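One structure is given below, encoded as structure tokens.
The values are calculated or read from the model by the stated rules, or taken from the named source; none is laboratory data. What you are looking at is a predicted structure, and each value in this text was computed from that prediction instead of being measured. A quick note on method: Cβ atoms are made from the backbone with ideal geometry, for glycine too, and the neighbour counts reach across all protein chains shown. Surface accessibility is based on the protein's heavy atoms, side chains included, excluding ligands, DNA and RNA. Shrake-Rupley method; radii C 1.70, N 1.55, O 1.52, S 1.80 Å.
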Amino acid sequence: KALDQGDRDRAAKLAQKALESATEGTPEHTAAKWTLKRARSSAVLQPNRIAVLLPMSDKYALVGKQIEEALRWGYEGGGGRAELVFIDTKGTNEGAVAALEQAVLEQGVIAVVGPLLSDAAPMVVEAAQGLQVPLLSISQANELADDPWVFQGVPTTGDQAEALAEHMVKVDGAKTFGIFAPDSSNGHRAAEAFRAAVTARGGEIAGETFYDTEAKALMPFAAELGKKDPKARGWELQKLREAAKEAGRDPSTVVLPPAVEFDAIFIPDNARNVALAAAALAYEEFSVGDFRAKVGAKTATLIGLSGWNHQSLVTSGNEYVRNSRFTEFFLDGSNPDFARDFKGALSRDPSPLEAAVVDAGRLLAKATGADRPAFAESLGQVTIERTTTG
């Protein structure tokens, strides 16, 4: 209340007292921390200045520059007139939060766009909530907090998982799913979203395994997904070897088949790693793509998210990834006029993420407000007549 009334000194004293008495890690401690930062800031609100947090150095410099150009093109084309201030997050979580603090506490921006990288999103969301500044996220991190200050500008991992589950259950009729995912924050985030989406539609996750992202061979992890434990299934393996011997085949070459039959296997990874994962599944006698481990074997459809969308998957994945399903939120052919105009302006074909960011820029251009609460309310209500991505 003191802060809202402009009494920064009193607000700082009260916030400091609250900070000292609250237990670290509690919502009260977090609120006091950010309120103290706001009270100590001498920045004057700039209603015509919007900050954009992007990785603009090191290995992320190219993608950061491309997103900057796409956002600016969409924003200016949508009639936006505020100054866009681009701040380098340096590709780290800490850098993203520092960039947000600089934008709000030093430059007094009315709103913020970003971050881009998924791992930084939760920390930046918390900071935006604490600083009470409108945040338009362009990260695909799964399902950001439901908060009046936070808005999602591009499709999330959760959005894609929902669409994929809807298609597989309602259109393809799949009921039993496996999850074969990287043991990373993104992998676990995608798995959690897909698990929830499948369960909500009456499907079943019958098995899941997370593989080491540094592993060069994924066969042991594929075997784990198939519950191919020779100790637990020793009797079954013995019978298979005896049958092979009777048929005149070498019993030492016999391996256990997967114990679970999946209608589909979800692999939320990039195209390069999907090819490795698919090959590992085939090696462990999962029938995937056009590959059949044995005559009459049930085929598991391989499914994934937009990270699959690279032409190399066709050749590197070969027969194992044929007839797969994956999501995407923009293809050139779905909006050829936009693709032509974008290439004419920026001398390159638009990526799906760039297309979504153009829409985010157009939405941002429609928002207005003399202060942050008014801008946030406006941003939550604006629409655009003709979207790029639909």
Item to check | Whichever residue in segment 5-39 is under 35 Å from the mean Cα position of the chain (by Cα) and open to solvent by 90 Å² or more (accessible area, probe 1.4 Å) and, among such residues, is farthest from Ala127 (Cα to Cα) | outcome: Thr23
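Just to be sure before I move on: is Ser306 within 24 Å of the chain's Cα centre (by Cα), open to solvent by 20 Å² or more (accessible area, probe 1.4 Å) and under 21 Å from Ala191 (Cα atoms) in the structure I sent? Give the derivation first.
Numbers: within 24 Å of the chain's Cα centre (by Cα): yes; open to solvent by 20 Å² or more (accessible area, probe 1.4 Å): yes; under 21 Å from Ala191 (Cα atoms): yes.
Criteria met by Ser306.
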Checklist entry - Applying the selection to segment 250-272, what residues are out of contact with any Phe, Trp or Tyr (no Cβ under 9 Å at 6 or more places or on another chain), in a helix (DSSP H, G or I) and open to solvent by less than 70 Å² (accessible area, probe 1.4 Å)? => result Pro251
Checklist entry - How many of the residues in segment 25-63 are touching a helix residue (DSSP H, G or I) at 6+ places or on another chain (Cβ under 9 Å), without any contact (Cβ under 8 Å) to a residue 40 or more places away in the chain and assigned to a loop (DSSP other than H, G, I, E, B)? => result 3
Item to check | All positions within segment 257-269 that are free of Cβ contacts under 8 Å to residues at least 40 places away in the same chain and closer than 15 Å to Ala282 by Cβ | outcome: Pro257, Pro258
Checklist entry - Which of the residues belonging to segment 233-249 are assigned to a loop (DSSP other than H, G, I, E, B) and either open to solvent by 80 Å² or more (accessible area, probe 1.4 Å) or polar (S, T, N, Q) (or both)? => result Arg249
Checklist entry - Do you know which residues across segment 273-297 are more than 15 Å from Ile179 (Cα to Cα), assigned to a loop (DSSP other than H, G, I, E, B) and touching a residue at least 40 places away in the same chain (Cβ under 8 Å)? => result Glu284, Glu285
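Conditions (1) farther than 24 Å from Gly130 by Cα; (2) assigned to a helix (DSSP H, G or I); (3) at pLDDT below 95, marked per residue:
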position: Asp337; (1), (2), (3): yes, yes, yes
position: Ala345; (1), (2), (3): yes, yes, no
position: Arg362; (1), (2), (3): yes, yes, no
position: Ala374; (1), (2), (3): no, yes, no
Checklist outcome for this item: Scanning segment 280-299 for residues that are touching a helix residue (DSSP H, G or I) at 6+ places or on another chain (Cβ under 8 Å) and either closer than 22 Å to Asp212 by Cβ or open to solvent by 70 Å² or more (accessible area, probe 1.4 Å) (or both) gives Ala280, Leu281, Ala282, Tyr283, Glu284, Phe286, Val288, Asp290
